Amino acid sequence: MTLTTRISAAGDDLLGAVDHGRICALAVRLERDLHLVASNHGDLFSGRPFDSGLISSIAMSIAFTAPEHTAEQLRLTTRTLLWVFAADWQIDYLAQVADDVQQIAADCLAVADGGPPSDGHPLARLLAEIRDELAVVPAFASLRSAWRDELRRMFAAVVREWEWKTTRVEAAPDALAAPTLDEYLSNSDNLACSLVNVSLWIYSGEQDCLDHLEDLMVASREVQRVLRLVNDLATYRRDLQWGDLNALMLVEDPAEVSNRLAALVEGCHDIIRPLESICPRQARYLKRQIAFTSGFYQVSDFWGSL
């Protein structure tokens, strides 16, 4: 009788602890790799918010969302998510003018097209490493355009949010030229959740996933809207402090955001349900993405302090 069998016989709750322990060990392996990436790109990750808690949170989020994968299969995914946080920091907090944002986007999209990274931009250098690792897998040859499109969508949304944040209303110089809640949610590609997801799915190379990638991406973008609101409901005070947009700033009644979130979650499950029979692992991944994020933000946040 194996140790796991003995523990199972003692109670299902203990077996759950075994599974949690295994996933935590997976997260530890991913975290050690991320620390290596961060140390090799110190110019990107020297800001105060890039503390050890953020790095461990990234590793945990991927490990608990995709626990059936190995550390080797997930390494590129966690590196991509770390890159997303670096991009957020470079654009939202370090870029001074719109030209800075446009240059960052242009440099990174040039890398996505196969060009060498700009000597002056560390974000493009890390993206080139991710691109080169993705390029090793056979599926990337035919799906590079899908990966590049998610990157384009991300930067288009980032630029749009930059404009919302920095455009002042003439009659009230201290006010945001705010979008509607619908406009804000339609711009959720700035979260880059779908960029992370497509990177995982291309890198894993699972045929049922690749055959239905377009349907998965439709579901992923709906999940992305859910995560946008889960994040906003948990980080309103921080967003006020940092000068970020938040859905709660766009409505008079906070219940409107909570009600929209509930409707989006229900809609996501409706979209994911048909995928459960044709690509079950990926459908489960999307549902776990919602569940993990909802639980995580009840207690903590990814970012450290400014």
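Values quoted throughout were computed directly from the atomic coordinates according to the rules given, and no laboratory measurement underlies them. Here the structure is a predicted model, which means the values were calculated and not measured. Using ideal geometry, Cβ is built from the backbone for each residue, glycine included, and neighbour counts are taken over all protein chains shown.
Report the net charge of residues surrounding Arg75, where surrounding means a beta-carbon distance below 14 angstrom and charges are Lys +1, Arg +1, Asp -1, Glu -1.
Values: positive: Arg29, Arg32, Arg79; negative: Glu31, Asp33, Glu72, Glu129, Asp132, Glu133.
Summing Lys/Arg as +1 and Asp/Glu as -1 gives -3.
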Check: If you place +1 on the Cβ of every Lys and Arg, -1 on the Cβ of every Asp and Glu, and leave all else neutral, what size is the dipole of the chain about its Cα centre, to the nearest 20 Debye?
Finding: 740
Notebook entry, point to check: Percent of alpha carbon pairs in region 91-130 separated by more than 12 Å?
Noted result: 53
Next item on the list: State the answer as a single residue: which of Gln224, Leu264, Ala139 lies farthest towards the positive end of the charge dipole of the chain, with beta carbon charges of +1 for Lys and Arg and -1 for Asp and Glu, about the Cα centre.
Entry: Ala139
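Does region 24-92 come out rounded, prolate or oblate, given a ≥ b ≥ c as the square roots of the eigenvalues of its C-alpha gyration tensor, rounded meaning a/c under 1.5 and, failing that, prolate meaning a/b above b/c?
Judged from the Cα gyration tensor, region 24-92 comes out prolate (a/c at least 1.5, a/b above b/c).
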Item checked: Segments 16-25, 284-293, 220-229 sorted - mean Cβ within 10 Å per residue, highest first -> 220-229, 284-293, 16-25
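Cβ under 9 Å from Ala283's Cβ, Ala283 left aside: what net charge do those residues give with Lys, Arg +1 and Asp, Glu -1? Provide the component values of the computation, followed by the final result.
Working: positive: Arg273, Arg281, Arg284, Lys287; negative: Glu276.
Overall, the nearby charge balance is +3.
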Checklist line | the chain: DSSP helices with Cα axial extent of at least 15 Å and average Kyte-Doolittle hydropathy no lower than -1.0 | finding: 12-40, 52-65, 71-89, 98-112, 122-134, 140-166, 193-204, 213-234, 255-272, 280-296
Next item on the list: Starting from the Cα coordinates of region 234-306, work out the convex hull volume and express it per residue in Å³.
Entry: 105
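Using only DSSP helix segments of four residues or longer, with each worth -39500 (n - 2.57), what per-residue ellipticity at 222 nm results for the chain after dividing by its residue count and rounding to 500?
Details: 14 runs with 212 residues, N = 306.
Counting only the DSSP helices, I get -22500 deg cm²/dmol.
Note down the net charge around Arg153, summing +1 for each Lys or Arg and -1 for each Asp or Glu among other residues with Cβ under 12 Å from its Cβ. All intermediate terms of the calculation are to be shown ahead of the outcome.
Details: positive: Arg148, Arg152, Arg160, Arg221; negative: Asp149, Glu150, Asp189.
With Lys, Arg at +1 and Asp, Glu at -1, the net is +1.
Normalised radius of gyration for region 61-155, please: alpha carbon Rg relative to 2.2 N^0.38 Å, two decimal places.
Numbers: Rg = 14.0 Å, N = 95, 2.2 N^0.38 = 12.4 Å.
That works out to 1.13 for region 61-155.
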